[in-house]
Amino acid sequence: MGMNDSPSPAFVVSDHARLAMRERGIHIDQVAEVFRNPDAVMPAPHGRQVWQGRCLHHGRLLLLRIVVGPRTEPPTIITVYMTSQFERYERSP
């Protein structure tokens, strides 16, 4: 499956997010899995949300964070990135 193909019509990937995925080596299947089964969904500035989940990336366990635009149907993914900073982003309320 190519980077431009979505396995589900559940979301739209913006051009910026598609470029970020290509540059960061993040596959659409990783994004789709976290989108379907997020570990957490949190509010973000400007009415956005961050959907996140742990996943293996090149043999390392990382946190995939997906920034989703406000009030769009289907939801629009604005950007995606991986981080190893679990403590920073998985804080308890």
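Please treat every number below as a calculation from the coordinates, not as lab data. Every value quoted in this text rests on a predicted model; they were computed, and no experiment measured them. Cβ placement follows ideal geometry from the backbone for every residue including glycine, while neighbour counts extend to all protein chains displayed.
Condition test on Val31, is it surrounded by 13 or more Cβ atoms within 10 Å (Cβ to Cβ) and farther than 19 Å from Arg88 by Cα?
Values: surrounded by 13 or more Cβ atoms within 10 Å (Cβ to Cβ): yes; farther than 19 Å from Arg88 by Cα: yes.
Yes, satisfied.
Looking at Arg71, Arg91, Arg36, Arg60, just one residue is touching a helix residue (DSSP H, G or I) at 6+ places or on another chain (Cβ under 9 Å) and surrounded by fewer than 14 Cβ atoms within 10 Å (Cβ to Cβ), and that residue is Arg71. Among the residues of the range 15-28, which ones are touching a residue at least 60 places away in the same chain (Cβ under 8 Å) and either surrounded by fewer than 16 Cβ atoms within 10 Å (Cβ to Cβ) or among the basic types (Lys, Arg) (or both)? Matches in the range 15-28: His16 only.
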